[in-house]
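Worksheet for the structure shown next.
The values are calculated or read from the model by the stated rules, or taken from the named source; none is laboratory data. On a predicted model such as this, the values are computed, not experimentally measured, just so you know. Here Cβ is always computed from backbone atoms with ideal geometry, including for glycine, and neighbour counts include all displayed protein chains. Quick note on the areas: whole protein, heavy atoms, side chains included, nothing else; ligands and nucleic acids left out. Shrake-Rupley method; radii C 1.70, N 1.55, O 1.52, S 1.80 Å.
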Amino acid sequence: MSELTYTNKPKEFKIHPKMFVLYLSMASMVMLFSAFSSALIVKRGDTKHWINVHIPIEFLLSTIVIIFSSLTIYLAYKNIGTKKFRVFSLITIVLACLFVFLQVKGWNALSANGTPYVGNPSGTFVYFISGIHGVHYVFGIFFLILLDRLYSGREKVLEYSVYYNILQQFWHFIGLIWVYLYLFFKFIIYN
Amino acid sequence: MDHAHHEETFLTKYIFSQDHKMIARQFLFTGIFWSIVGALMSVLMRIQLGWPTETFPFLETLLGKWAEGGRISSEFYYSLVTMHGTILVFFVLTAGLSGTFANLLIPYQIGARDMASPFMNMLSYWFFFLAGLIMLTSLFVQTGAASGGWTMYPPINGMRNTAVNLGSGLGTDLWITSMTFFIVSSLLGGLNYIATIINLRTKGMTMWRMPLPVWALLFTAILGVLAFPPLLSAALLLESDRLFDTSFFLSDIVLGGKLQDYKGGSPILFQHLFWFLGHPEVYIIILPAFGIVSEVLSVNSRKPVFGYRAMVYALGAIVLLGFLVWAHHMYVTGMNPFVGSIFVLFTLLIAVPSAVKVFNWLTTIWKGNLRLTPAMMFSLGFVSLFISGGLTGLFLGNSALDIPLHDTYFVVAHFHIVMGVAAFFAMFAGVYHWFPKMFNRHINDTLGYVHFYMTIISAYAIFLPMHFMLSVPRRYYMYSNFQTFNLFDDLSKFISVFAIISFAAQILFVVNIVYSALKGREVTEETKNPWNSNTLEWTTPVEQIHGNWPGDLPEVHRWPYDYSTGFDDKDWIPQTTPLREGEESHG
Ligand code: HEM
Ligand SMILES: [Cu+2]
């Protein structure tokens with residue numbers, strides 16, 4: 001096979017192509033959660049079968065944690081190349097794990113309060129939607145840990161920060177989705 | 001993007017290739033495999049429908065317990081209906097069509113080395129392959145493949161109850177798993193296509209200079225990226241109902257006289273989620289077809305596409321309206337008539353951009369210097385089919401007419417003509433047109449014409465008569481128990497005979513592809529642009545290299561449809577030719 005020859009100068013991008021792909025995939029994720037949300041709104045309209053669910057306090061705590069983790073990942077990003085990066089990166093990982101822990105606690109609280117997973121869909125939806133969000137979140141944690149491991153101090157800081165920026169934006173996005181879901185559950189659907 | 005030189009092995013060149021051209025071929029061959037499987041299933045169904053009381057011992061040899069005594073069992077028939085629909089809609093006309101031509105044409109026609117992320121592109125193919133493998137496996141499980149219809153409606157598909165429906169067992173679980181992989185594949189592909197078109201166009205290739213196939217593939221990708229996630233949500237919720245006995249889509253179900261535990265769900269909710277993808281899905285299938293046909297018609301009429309911008313705006317309008325019409329598949333679900341009438345309105349509105357496209361195709365070929373290559377014949381056939389099938393859409397779009405017509409052979413005729421056969425015609429046109437580029441050999445034209453005439457005659461012979469069977473319900477296994485339908489016995493045989501003829505024509509086509517790819521007349525530097533086409537893919541050297549163009553990427557100076565402009569003694573001016581004095585630029 002002949003050699004690849006790329007004599008053209010690399011193109012200047014306004015947005016890094018991988019970042020662009022992330023933005024596009026955000027549109028897909030928005031559609032996914034809109035589909036779940038509208039399903040829930042339709043369900044809510046069916047008053048005959050509706051059972052209200054008490055949204056446990058754990059979900060409020062996890063919302064606070066997720067907002068904080070957005071702050072810390074931002075600080076980590078801003079401090080790439082300095083010693084502080086590692087500190088903020090690790091704090092973010094800890095907060096992320098705390099979020100997952102609180103979600104699981106939240107599900108336990110739901111079942112304890114008489115809203116099991118298998119039962120009226122009014123309640124099942126809470127588990128299901130937060131679970132799908134959780135899958136996205138765990139995906140993020142994987143990359144959070146991966147990028148933390150790959151960090152090599154002062155070398156290749158520029159290239160590294162491109163990837164960390166992509167992760168950071170994903171993290172804010174998925175955090176925002178949860179904040180939306182929490183408010184949607186608490187004040188629109190289950191009140 | 002990794003531009004480093006790398007050694008290629010058999011594995012990286014042919015199997016885990018990241019080269020868009022090779023991935024296009026992988027999609028094409030996988031698509032061909034699935035078309036044969038899907039078409040074979042339709043032949044089996046037609047044998048049953050044409051000769052419902054006769055026995056064919058060879059069927060038992062072939063299918064074993066699914067055709068005991070030489071007659072297809074009803075359970076197997078329902079699996080056939082379901083798998084035929086699924087395979088052709090998703091594996092052939094979505095992945096096969098978009099996968100092949102997006103991969104082939106996007107980098108070539110915009111002047112790019114490859115996709116924005118060749119790796120994601122490779123993943124997209126392998127997720128598709130995996131989806132296919134799982135679907136194929138489901139044909140061999142003991143309780144049979146999924147059999148509740150390609151639309152997977154609950155309640156029947158929401159329970160793993162094989163006593164009610166054999167295919168509702170493992171077959172349906174595998175169906176849903178396979179579709180999940182398929183959705184991931186489509187999303188990976190779509191994201192990549194959009195990113196490539198937006199970011200990697202070569203110098204001078206402004207958006208308004210892009211060939212119409214690229215525009216069409218861009219809109220297709222946008223549709224897919226926005227419409228597949230709701231289908232994913234529906235699939236996941238359905239699988240939860242099946243595996244964990246949740247009640248998202250189930251309520252108050254009595255089985256064998258016993259009330260089941262399901263409480264509070266709604267099967268209609270599934271239909272909303274499904275058709276929110278389902279309707280855009282039909283446009284995901286037909287938009288690439290639009291693009292291919294526009295290109296082939298223009299090149300072979302030696303005339304510029306008529307109303308280039310109108311074509312693009314029409315595509316945009318279809319994408320937008322395509323999201324607002326899904327409930328026209330649900331007029332009979334007891335929806336509020338007022339809501340229904342809103343969907344009628346949007347549905348009829350979507351006929352407007354469709355009509356614009358048809359008008360522009362006809363005007364493009366009008367007084368053109370037509371070259372009736374096989375690709376051109378299939379494109380003309382496409383236009384004919386799209387008009388025939390579109391007209392019945394107008395009937396079905398009216399809820400008052402659709403309520404009696406829903407779930408009858410009239411609907412079967414409508415969507416097979418407008419989507420099934422039409423999209424196939426565009427795919428054939430694409431294969432004939434770009435064959436020299438894909439395989440560096442010319443395809444046999446004579447066999448091409450035979451393929452065309454056999455296919456168009458049998459397609460109309462199969463589907464036109466179905467319009468008269470507008471009282472006959474679809475998806476029935478046997479009509480002989482119903483006195484009224486005996487009227488159609490002969491017609492049914494007639495249709496079945498043509499179904500077999502049409503299948504034979506497709507075998508001929510596959511033979512032609514394989515034969516010509518191995519033994520056809522070779523393409524040389526002189527004949528490498530056999531249609532005298534303006535677009536960039538024909539400027540790449542005969543010896544295909546990863547990166548497409550040796551040296552610099554071509555620079556573009558004009559739109560792709562400068563045919564017979566009078567500014568050159570030839571009747572075509574490639575996009576790489578600078579504007580002449582006094583010549584005006586298009587876009
Ligand atoms: C003039 C434009 C069109 C209109 C007004 C229209 C309208 C409709 C309506 C109302 C139905 C539902 C019929 C029923 O189930 O009772 C339907 C079914 C269908 N249409 Fe169209 N259609 C149009 C064009 C198309 C196109 C361009 C495609 C595909 C390329 C398409 C593919 C389908 C399919 C696949 C179904 C049947 C789905 C199923 O039930 O399995 N239609 N159409
Ligand atoms: Cu539709």
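Give me D for region B:433-496 in µm² s⁻¹, whole number, from Stokes-Einstein with Rh from the Kirkwood sum over alpha-carbon pairs, 4 °C and 1.567 mPa s.
Working: Rh = 14.8 Å.
Roughly 88 µm²/s, to the nearest whole number.
Could you work out the relative contact order of region A:72-138? I mean the mean sequence separation of Cα pairs under 8 Å and 6+ apart, divided by the number of residues, in percent.
Details: 31 pairs, mean separation 12.4, N = 67.
Relative contact order, region A:72-138: 18 percent.
Kindly express, to the nearest 10 degrees and within the range 0 to 90, the angle between helix A:17-45's C-alpha long axis and the longest C-alpha principal axis of chain A.
So the inclination is approximately 0 degrees.
Ordered by packing density, taken as the mean number of other Cβ atoms within 10 Å over each peptide's residues, highest first, how do B:330-337, B:420-427 rank?
Values: B:330-337: 14.2, B:420-427: 26.6.
Ranked from most to least packed, the peptides come out as B:420-427, B:330-337.
What's the average, rounded to a whole number, of partner chain beta-carbon atoms within 10 Å of each residue's beta-carbon in A:113-119?
On the way: counts 0, 0, 0, 1, 4, 8, 6.
Shielding by partners across A:113-119 averages 3.
I'd like the FRET efficiency for B:Lys367 and B:Glu584, computed as 1/(1 + (r/R0)^6) with the beta carbon distance as r and R0 of 25 Å, rounded to 0.05.
0.70
Simple spin-label model, 7 Å along Cα-to-Cβ: B:Phe119 to B:Leu348 in nm?
Going by the 7 Å Cα→Cβ label model, 5.3 nm.
Any idea what the relative contact order of chain B is, in percent, if you count C-alpha pairs under 8 Å spaced at least 6 apart? Intermediate results must be reported in sequence, preceding the final value.
Numbers: 959 pairs, mean separation 91.6, N = 587.
Relative contact order here is 16 percent.
Other chains near A:25-38: what is the mean number of their Cβ atoms within 10 Å of each residue's Cβ? Provide the component values of the computation, followed by the final result.
Values: counts 7, 0, 6, 11, 2, 2, 11, 8, 2, 5, 12, 6, 1, 6.
Mean number of neighbouring Cβ atoms from other chains: 6.
Principal axes first, then extents: for the Cα atoms of region B:107-217, list largest minus smallest coordinate on each axis, whole Å, largest first.
63, 23, 15
Going 7 Å from the Cα of B:Lys263 in the Cα-to-Cβ direction, what parts of region A:45-78 have a backbone nitrogen less than 20 Å from that spot?
Only A:45-55 pass the distance filter.
In region B:478-540, which GluC sites (Glu not before Pro) are in a loop and have at most 15 other Cβ atoms within 10 Å, using DSSP for the loop call? Write out the running numbers ahead of the final one.
Details: sites: B:Glu522, B:Glu525, B:Glu526, B:Glu537; in loops: B:Glu525, B:Glu526.
Answer by residue number: B:Glu525, B:Glu526.
Which one of B:Ser178, B:Thr455, B:Leu518 is farthest out on the positive end of the charge dipole of chain B, using unit charges on Cβ (Lys, Arg +1; Asp, Glu -1) and the Cα centre as origin?
It is B:Thr455.
Roughly how large is the A-B contact in terms of buried accessible area, totalled over both chains, probe 1.4 Å, nearest 100 Å²?
Details: alone 11530 and 23480 Å², together 31450 Å².
Buried area (both sides, nearest 100 Å²): 3600 Å².
On alpha carbon coordinates alone, what is the Rg over Rh value for region B:428-571, Rh being the Kirkwood radius?
On the way: Rg = 22.9 Å, Rh = 19.3 Å.
Checking Rg against Rh, the ratio lands at 1.19.
Around B:Arg302, with a cut-off of 14 angstrom between Cβ atoms, what is the net charge of the other residues, counting Lys and Arg +1 and Asp and Glu -1? Intermediate values should be presented prior to the final figure.
Numbers: positive: B:Lys303, B:Lys367, B:Arg371, B:Lys570; negative: B:Glu295, B:Asp562, B:Asp568, B:Asp569, B:Asp571.
Taking every other residue near B:Arg302 into account, the sum is -1.
Which values of log₁₀ I(q)/I(0), to two decimal places, follow from the Debye formula for region B:323-420 at q = 0.19 Å⁻¹ with a uniform point scatterer at every Cα?
Result of the Debye calculation: -0.91.
With a Cα-only, solvent-free Debye model of region A:54-189, what are the log10 I(q)/I(0) values at q = 0.10 Å⁻¹?
Here the Debye-derived log intensity ratios amount to -0.36.
Report the charge-dipole magnitude of region A:54-189 in Debye, nearest 20, computed about the Cα centre from +1 at each Lys and Arg Cβ and -1 at each Asp and Glu Cβ. Don't jump to the answer; show the numbers that get you there.
On the way: 9 positive and 4 negative charges, 77 e Å.
So the dipole magnitude of region A:54-189 works out to roughly 360 debye.
Per-residue mean of other chain beta-carbon atoms within 10 angstrom of the beta-carbon, peptide A:131-140?
Working: counts 2, 4, 0, 0, 1, 0, 0, 0, 0, 0.
That works out to 1 on average.
Accessible area of region A:54-189 with a 1.4 Å probe: how many percent of it is carbon plus sulfur?
Values: 4820 of 6500 Å².
The C+S portion of the solvent-accessible surface of region A:54-189 is 74 percent.
Quote the Stokes-Einstein diffusion coefficient, in whole µm² s⁻¹, for region B:540-587, based on the Kirkwood radius over alpha carbon pairs, a temperature of 25 °C and a viscosity of 0.890 mPa s. Could the numbers behind the result be given before it?
Details: Rh = 12.4 Å.
Here the translational diffusion coefficient equals 198 µm²/s.
If every alpha-carbon in chain B counts as one equal scatterer, what log10 I(q)/I(0) does Debye give at q = 0.07 1/Å?
Once normalised to I(0) and log-transformed, intensities are -0.42.
What is the percent carbon and sulfur in the accessible area of region B:103-248, measuring with a 1.4 Å probe over the protein chains and ignoring ligands? It would help to have the intermediate numbers written out before the result.
Numbers: 2810 of 3800 Å².
For region B:103-248, the apolar C and S fraction of the accessible surface comes to 74 percent.
Compute the Cα gyration tensor for region A:140-184, then decide on rounded, prolate or oblate, letting a ≥ b ≥ c be the square roots of its eigenvalues: rounded whenever a/c is under 1.5, prolate when a/b is larger than b/c in the other cases, and oblate in all that remain. Each step should come with its number before you reach the end.
Details: a/c = 4.98, a/b = 2.64, b/c = 1.89.
Prolate, because a/c is 1.5 or more and a/b exceeds b/c.
When a/c is below 1.5 the answer is rounded, else prolate if a/b is larger than b/c, else oblate, so apply that to region B:26-170 with a ≥ b ≥ c taken from the square roots of the Cα gyration tensor eigenvalues. Mind dumping the intermediate values first?
Working: a/c = 2.93, a/b = 1.97, b/c = 1.48.
Note, shape of region B:26-170 comes out prolate.
Report, in debye and to the nearest 20, how large the dipole of region B:124-282 comes out about its Cα centre when Lys and Arg carry +1 and Asp and Glu carry -1 on their Cβ.
Working: 7 positive and 7 negative charges, 118 e Å.
In debye, rounded to 20, region B:124-282 gives about 560.
Report, ordered by chain and residue number, the aspartates and glutamates lying within cross-link reach of A:Lys78, taken as a straight Cα distance under 17 Å and ignoring same-chain residues fewer than 8 apart.
Answer for A:Lys78, where 17 Å is the Cα cut-off: A:Asp148, A:Glu155, A:Glu159, listed by chain and number.
According to a simple spin-label model (label point 7 Å from Cα along Cα-to-Cβ), what is the distance in nm between B:Phe482 and A:Ile67?
Once both label points are built, they end up 6.1 nm from each other.
Separation of region B:217-277 and region B:366-391 by C-alpha centroid, Å?
Here the two parts' Cα centres lie 39 Å apart.
Checking the a/c ratio against 1.5 first, then a/b against b/c, what shape does the Cα gyration tensor give for region B:52-132?
Details: a/c = 4.28, a/b = 3.49, b/c = 1.23.
Prolate.
For region B:339-433, run through the trypsin sites (Lys or Arg not before Pro) and keep only the ones in DSSP coil with at most 12 other Cβ atoms within 10 Å of their Cβ. Walk me through the numbers before you get to the answer.
On the way: sites: B:Lys357, B:Lys367, B:Arg371; in loops: B:Lys367, B:Arg371.
Loop-located and lightly packed - B:Lys367.
If you average the alpha carbon positions of region B:550-587 and of region B:18-75, how far apart do those two centres end up, in angstrom?
48
Grab the DSSP H runs of the protein assembly as shown that are 4 residues or longer, score each as -39,500 (n - 2.57), total them, divide by all residues and round the 222 nm result to the nearest 500 deg cm²/dmol. Could you put the intermediate results ahead of the total?
Working: 21 runs with 468 residues, N = 778.
The helix-only estimate for the protein assembly as shown comes to -21000 deg cm²/dmol at 222 nm.
If you average the alpha carbon positions of region A:141-191 and of region B:446-511, how far apart do those two centres end up, in angstrom?
Region A:141-191 and region B:446-511 have Cα centres separated by 55 Å.
Compute the acute angle (0 to 90°) between the alpha-carbon long axis of helix B:374-397 and the principal axis of greatest extent of the alpha-carbon atoms of chain B; round to the nearest 10°.
The two axes meet at around 40 degrees.
Using a cut-off of 21 Å between alpha-carbon atoms, which lysines can reach A:Lys84, once sequence neighbours fewer than 8 places away in the same chain are excluded?
Once the sequence-local lysines are set aside, what remains near A:Lys84 is A:Lys156.
Counting only C-alpha contacts under 8 Å and six or more residues apart, can you give the relative contact order of region A:63-191 as a whole percent?
33
With the calculation restricted to Cα positions, what are the radius of gyration and Dmax of the protein assembly as shown in angstrom?
27.5, 85
Using the heavy atoms of the protein chains alone and a 1.4 angstrom probe, what is the accessible area of region A:42-158 per residue in square angstrom? Intermediate results must be reported in sequence, preceding the final value.
Values: 6040 Å² over 117 residues.
Heavy-atom SASA per residue in region A:42-158 reads 52 Å².
Over all distinct Cα pairs, what is the inverse of the mean 1/r for region B:414-459, reported as the Kirkwood hydrodynamic radius in Å?
Numbers: mean 1/r = 0.0873 Å⁻¹.
Value: 11.5 Å, from the Cα pair sum.
How large is Rg over Rh for region B:191-271, taking Rg from the Cα atoms and Rh as the Kirkwood inverse mean of 1/r across Cα pairs?
Numbers: Rg = 21.8 Å, Rh = 16.1 Å.
Rounded to two decimals, Rg/Rh equals 1.35.
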